[in-house]
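Each reported figure results from applying straightforward, stated rules to the coordinates on display, with no laboratory input. In this text, all values refer to a predicted model and were calculated from it rather than measured experimentally. Here the Cβ positions follow ideal geometry from the backbone for every residue, glycine too, while neighbour counts run over all protein chains shown.
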Amino acid sequence: MVKGHRSKVDEYERGNAMARDENLMGDDYNVKSNAKDKEIEDQSIQGEVVDGRVIVSSKSSIDELARRGYGYKEEIDGVERYYLYMYEALYLLYTSKIIVKDKGRILTFDELVDEALKYDNSAWTKFLIYRDLRSRGYVVREGFGFNNDFRVYDRGDYSSKPARYVVFALNEGREVKIDTLSSIVEQISTMGKEPIMAVIERRGEVIYYKVSKMHFPDRG
């Protein structure tokens, strides 16, 4: 388990604690609770964990996810499937929009975090940035491979205009060579995107810095 990730989902955990307390009310409550859980399951997007990704099969769910900028199609052995990246599935589970199963068993948020970390040790970092940007109203898509990066669309621009920003991650306290940082900024700028550095503080807060490369002219 990643240190600190539980402290960032206190609200989610409080909800689970309330549910556990309410179970003390007896069988009558349990019947109602089970019915409510079934209702929630019927209304939520359904996903299944497969090799570090989450597969969604329902066409109506796929259409809704695609419209809102989640997931992607991929054809394997002639069969087209719709996948969510783990950070997308974590966000949707965090916001109670999806139910994720593993071999038929519904996973909790913590269990999905653990599953994500088996395949990607940056999964928690990606989730923190993704959650923050989505909560601010931006559509966020997978990046270009620049150190845990995302393409970020201006509000209202998704599906009509290219992404305006590329946000890349930097954890507080982690050393990055200036040449590496300069190369990332230059490549993003060459693409016509605005490079934004997301610094994740030790408590999980995300701070954004606009980064550019400055050339001073020679003195004439």
Please go through the residue pairs LYS97/LYS118; LYS73/LYS103; LYS118/LYS161; LYS73/LYS126; LYS59/LYS97; LYS101/LYS161 and name each one whose alpha carbons sit more than 26 Å apart in this structure.
-> LYS118/LYS161; LYS101/LYS161
Using per-residue counts of other Cβ atoms within 10 Å, averaged over each peptide, order 95-101, 162-168, 76-82 from highest down.
-> 162-168, 95-101, 76-82
